[in-house]
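Below is one structure; the comments refer to it alone.
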Amino acid sequence: MKDSYGPTSVRPPARHPSAEQASVNPASIRLVVGIIVLASSTSIMSTDMYSPSLPDLARWFETDATRVQLTISLNLLAFGLAQLIHGPLSDRFGRKPVLLSSLVAVAILCVACAFAQSIDQLIIARVLLGTAAAAEAVIGLAVIKDLYDETEQMRALALLGMVIAVTPAIAPILGGYLHVNLGWQSNFFVIAAMAVLSFGIVLRYLPESTTPDPLALQPRRILSGYLRLLHNAEFVIHSMMLGIALGLIFVFVTGAPFVFIENHGVSPDRFGWYQAAIVVAFFFGSLLASRVAGSWPSERLLSAGVLIIVAGAAALCLVVLSGLETSVRLTCSYMIMTFGMGCVFSSAPSRALRSVKEGSGTASALLSGIEQTMAGLAAVAVSLLHNGTSAPLTWLTFLLAAGLYTLWRYSLSLVPRAP
């Protein structure tokens with residue numbers, strides 16, 4: 001991605017741009033992307049920031065590792081499914097009101113998580129938190145779809161991915177130090193404060209990028225819209241590829257804290273540095289994607305990303321199965337994969353959305369819903385298969401990488417068509 005990004009022109013939405021939206025210029029577009037980054041970072045922090053606390057939570061609540069891991073995996077699953085609701089809501093009421101409501105709910109639910117008295121209360125609060133935070137992913141993607149053409153989308157998504165990559169790099173490091181010095185509850189108070197800050201900035205600076213559609217919430221229309229998209233092979237295949245790629249990250253976020261902290265003796269305040277390393281690799285993958293987006297077609301960029309991810313998954317399997325497993329080697333294998341993900345996340349969304357001519361909120365919701373739900377299921381799987389070793393993480397990584405490769409091969413034969 002380029003160090004500075006300023007598109008020379010902004011394409012208006014396909015239908016009925018609002019007066020506020022019509023005033024958006026290239027300079028303010030950079031501001032809009034920055035606001036999306038801040039709001040999305042609040043959502044990301046709600047998972048990554050307290051991951052170093054997971055092993056200690058089992059002792060705190062006197063429960064087992066599987067139930068503690070459910071506080072992440074069920075949160076991620078709820079995050080994915082809720083996007084199917086937030087998309088039509090943003091088409092009906094506008095992007096900005098739905099985002100503001102979400103940020104208020106995130107702040108309240110983070111406080112509820114901090115005051116949880118049992119693991120069951122924490123699981124419930126986390127599921128509700130995932131449901132509320134899902135709006136950020138849908139609305140960010142919908143705003144980019146509203147304002148950009150395919151080439152500009154790739155650059156904007158690469159910019160978004162590169163900047164957001166800083167959040168999961170910093171979050172577990174900060175979360176580990178907060179956990180050691182102030183307790184696991186402090187993580188949620190910090191996230192609640194971020195949600196309040198994001199609310200104020202969104203309220204003041206974010207322009208509305210669409211005109212509310214009074215008919216957007218009609219059940220028949222929502223269902224027909226989703227069915228239309230589900231019959232679009234290009235949309236579904238690329239959405240599933242995103243789901244698998246994100247699933248690889250969620251498998252690490254959910255399973256790695258136990259492997260690293262309990263099996264390899266990594267302290268909670270040091271674990272964040274390992275997770276930061278894989279995110280830094282994603283940052284540089286996104287940087288590469290932004291720099292070649294103007295000269296490489298999206299399918300070439302996507303192909304490069306998939307092949308790099310498969311190579312990283314093969315390296316992980318080799319490290320574990322050959323008995324050479326260390327925390328550093330596991331991290332290096334995942335760094336290869338996340339470097340490739342920078343290319344995938346920069347190209348696959350635009351390839352999924354390029355054939356969608358209207359209802360970008362609904363399309364963004366289904367894309368993110370498929371992506372996040374598949375990733376959430378991968379996180380649930382690594383939670384349920386937890387056995388105290390790295391085997392569940394390794395075999396799930398292998399299966400996900402094989403599925404990604406298969407979908408990529410099929411995508412090469414697809415011809416773009418409208419849903």
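The values are calculated or read from the model by the stated rules, or taken from the named source; none is laboratory data. Fair warning: this is a prediction, and the values are worked out from it, not measured in the lab. Don't worry about glycine lacking a Cβ; one is built from the backbone with ideal geometry, like all the others, and counts go over all protein chains shown.
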Taking the condition within 26 Å of Thr338 (Cα to Cα), modelled with pLDDT under 80 and of a type in the set (Gly, Ala, Ser), does Gly161 pass?
yes
Specify the residue that is surrounded by the fewest Cβ atoms within 10 Å (Cβ to Cβ); the eligible residues are those in the range 328-343 that are among the aliphatic types (A, V, I, L, M) and over 20 Å from the mean Cα position of the chain (by Cα).
Val328
Which of the residues that make up the range 109-122 are in contact (Cβ under 8 Å) with a residue 40 or more places away in the chain and closer than 19 Å to Val190 by Cα?
Cys110, Val111, Cys113, Ala114, Phe115, Leu122
Tally the residues that are among the aromatic types (Phe, Trp, Tyr) and closer than 22 Å to Ile370 by Cβ, restricting the search to the range 43-91.
1
List every residue pair whose Cβ atoms sit under 7 Å apart, with the two residues 6 or more apart in sequence or on different chains, where the first one lies in the range 400-411 and is over 12 Å from Ala313 (Cα atoms) and the second, anywhere, is among the polar types (S, T, N, Q) and at pLDDT below 95.
Trp408/Ser303
Hey, Ala132 surrounded by 24 or more Cβ atoms within 10 Å (Cβ to Cβ) and at pLDDT below 80 or not
no
Filtering the range 356-389 down to residues that are touching a helix residue (DSSP H, G or I) at 6+ places or on another chain (Cβ under 8 Å) and not in a helix (DSSP H, G or I), which residue is modelled with the lowest pLDDT?
Gly359
Go through (1) closer than 28 Å to Gly225 by Cβ; (2) assigned to a helix (DSSP H, G or I); (3) more than 20 Å from the chain's Cα centre (by Cα); (4) modelled with pLDDT under 80 and name the single condition Ser28 misses.
(1)
Suppose we keep only residues that are surrounded by fewer than 15 Cβ atoms within 10 Å (Cβ to Cβ) and of a type in the set (Gly, Ala, Ser) within the range 295-327. Which one would you say is nearest to the chain's Cα centre (by Cα)?
Ser295
Of the listed residues (Thr362, Thr373, Thr389), the one being in contact (Cβ under 8 Å) with a residue 40 or more places away in the chain, within 30 Å of Pro212 (Cβ to Cβ) and surrounded by fewer than 24 Cβ atoms within 10 Å (Cβ to Cβ) is Thr373
Considering only the range 390-401, I want to know if a residue exists there that is small (Gly, Ala, Ser), modelled with pLDDT of 85 or more and farther than 21 Å from Ile336 by Cα.
no
Identify all residues within the range 300-346 that are of a type in the set (S, T, N, Q) and touching a Phe, Trp or Tyr at 6+ places or on another chain (Cβ under 9 Å); write none if there are none.
Ser303, Ser327, Thr331, Thr338
